[in-house]
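In what follows, a single structure is set out as structure tokens and then discussed.
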Amino acid sequence: MKDQRLKPNYEIKRKPEANLRNYYTILLETGLILTLLILTALVRIDFRASEAEVIYMDEQEIVEMEEIIQTQQQETPPPPPRPPVPVPVPNDQIIEDIDIMIDAELDFGSQLALPPPPPQQEEEAEPEDGFFILVEQMPELIGGLEALQREVRYPERALRANIQGRVYVQFIVNERGEVESPNVIRGIGGGCDEEAIRVVSRAKFKPGMQRGRPVRVQYNLPVIFMIRS
């Protein structure tokens, strides 16, 4: 038996269209396209079995109507109150006669003795804290706020930090118009609070007056700190 593998195929040389290698690329592309179409169709097909819908029917409750008989409550009257028990009184008790002296003479012309008059209320004393908050005449700052502001020395820390504003100082103006116990109730920092206390401590006031006499009065005063260019 002869080996035909080494013999040249003269049919392919005479007819080039019979050579399948010339159509290899076209056949490969066509096969890929068909494969993709089949895969796409398989993906879109739903193979899940449809579940049968089960309908549950609830049993209807049977309502029975019963006739209600209205009952009447009989009111029982309360028992009558018990009669009081009589208390025996001795009949042999003798009541003595009392003589009333009505022959006293009355002098309608004499003055009747009147009760003593109520004690006069003392003048209003100072509160327990030792000062008033509001009086008839409040203290007055001698020279006004302008004179007080001229005594202010702007602290260097506040200048460097550009701190401005008002410092409110609370203190007591005594009977001589002097400042006592100054403290800052609203400050701005930067050394301005300490400077405000220093300036207010040196201030002089006309003391507050209550019922014509000088008294100790609580007072608030603002000290303004403003940087002027």
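Details
- Filtering the range 201-221 to residues that are part of a strand (DSSP E or B) and either among the β-branched types (Val, Ile, Thr) or exposed (fewer than 14 other Cβ atoms within 10 Å of the Cβ) (or both) leaves Arg213, Val215, Val217, Asn220.
- Residues (among the small types (Gly, Ala, Ser) and touching a helix residue (DSSP H, G or I) at 6+ places or on another chain (Cβ under 8 Å)) located in the range 190-206: Gly190, Gly191, Ala203
- Failed item in (1) in contact with a Ser or Thr (Cβ under 9 Å, 6 or more places away or on another chain); (2) without any contact (Cβ under 8 Å) to a residue 40 or more places away in the chain, with Arg198 passing the rest: (1)
- Flag for Met65 being within 58 Å of the chain's Cα centre (by Cα), aliphatic (A, V, I, L, M) and modelled with pLDDT of 70 or more: yes
- Residue within the range 177-200 that is outside any strand (DSSP E or B), β-branched (Val, Ile, Thr) and exposed (fewer than 13 other Cβ atoms within 10 Å of the Cβ) present: no
The values are calculated or read from the model by the stated rules, or taken from the named source; none is laboratory data. The structure presented is a predicted model; accordingly, all values stated were derived computationally and were not measured. Backbone-built Cβ (ideal geometry, glycine too); neighbour counts: all protein chains shown.
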